[in-house]
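First comes the structure, then the notes that go with it.
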Amino acid sequence: MFEKVETKTINKLLLIAAVLLIAEIILFDGGILFSLLFSGILVYVGHRSYDRTFGKVVFWIGLVSLVMTILSMAVVRFLLFILLVLFLYNYFQAGRHPARPAFSRDPPSPKKEPVISQKMWGDQTTPEAYAWNDINVHGGIGDRTIDLSHTVLPEKAVISIRHLAGTLTIYVPYETEVLVHHSALIGRATILDYRSTHLRNGTVHYQTEDYGWKEPGVRIVTSVLSGDLEVKRI
């Protein structure tokens with residue numbers, strides 16, 4: 001949909017959306033932010049206790065409230081309108097100028113499947129055996145589990161995850177050195193022999209003694225709005 005839209009145009013649309021968002025927050029005295037935060041807390045609490053009836057009720061109340069609040073925002077309606085206009089524009093343009101098949105003399109390069117994909121909802125874990133590919137993803141709500149003992153790591157591996165709510169668990173083999181940069185608005189961090197039980201709008205830096213000298217080594221960069229980080233040996 002956005003292939004033919006210039007970057008400057010997208011930036012202008014984002015600027016207009018930001019102005020609408022600020023104006024909406026000012027006009028409603030921050031009530032929308034409170035509603036979003038409250039609904040998000042209900043969704044998170046319900047998700048953590050979803051195996052119980054209470055958790056299911058809280059989760060769905062929070063989810064419905066969150067969706068209704070988001071759809072009621074003027075900035076969201078503006079973005080949906082722009083997306084509809086762009087879709088219709090590209091649809092009619094494609095009908096007037098059908099795309100020609102592209103030919104290439106070079107064979108297509110094999111595509112590597114991501115170890116962890118972009119996912120806004122639900123839990124995710126690495127498979128039993130997989131070829132390593134550096135991880136650089138963002139996610140929504142749910143737990144993410146990465147087991148590095150099920151793959152062969154290169155000399156330097158990178159894991160970068162930006163997440164809204166949930167627990168990030170990373171299992172690291174004993175012979176692998178580790179460097180961790182973690183930030184969280186609300187949560188806890190357990191990194192090998194280090195533990196922070198009350199992380200409030202803070203950051204954690206952890207590095208094993210031989211990182212940078214011995215290989216393989218993995219660099220872990222994570223950030224969460226609300227959730228825990230657990231880095232364990234396996």
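Only the coordinates and a few stated rules stand behind these numbers; no lab work does. What you see is a predicted model, and the numbers here were worked out from it, not measured in a lab. Every residue, glycine as well, gets a Cβ built from its backbone with ideal geometry; the counts of neighbours run over all protein chains shown.
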* Full-stretch length increase - Gln207, Ala23 - with 0.36 nm per residue and alpha-carbon distance subtracted -> 61.9 nm
* Asked: In nm, to one decimal, how far is the modelled label at His138 from the one at Trp121, with both set 7 Å along Cα→Cβ?
  -> 1.9
* Two-site label geometry, Phe87 and Ser160: point separation in nm, points 7 Å out along Cα→Cβ -> 3.1
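Kindly state, to the nearest 0.05, the FRET efficiency for Arg195 paired with Glu175, given R0 = 25 Å and r defined as their beta-carbon distance.
On the way: r = 23 Å, r/R0 = 0.91.
The calculated FRET efficiency here is 0.65.
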* Can you list the HN-Hα couplings for the stretch 194-211, worked out from phi with the Karplus curve (6.51, -1.76, 1.60; θ = phi - 60°), rounded to whole Hz and with x for Gly and Pro? -> 9, 9, 10, 8, 9, 9, 10, 6, x, 10, 10, 10, 9, 8, 6, 4, 9, 5
* To do: Any chance you could check the Cα centroid distance between the stretch 202-234 and the stretch 50-75 for me, in angstrom?
  => 33
* **Antiparallel bridges, percent of DSSP beta bridges restricted to the stretch 134-234 (to nearest 5)** => 20
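Using only the Cα atoms, what convex hull volume per residue in Å³ does the stretch 128-182 have?
Values: hull volume 5.0 nm³, N = 55.
So the per-residue hull volume is 90 Å³.
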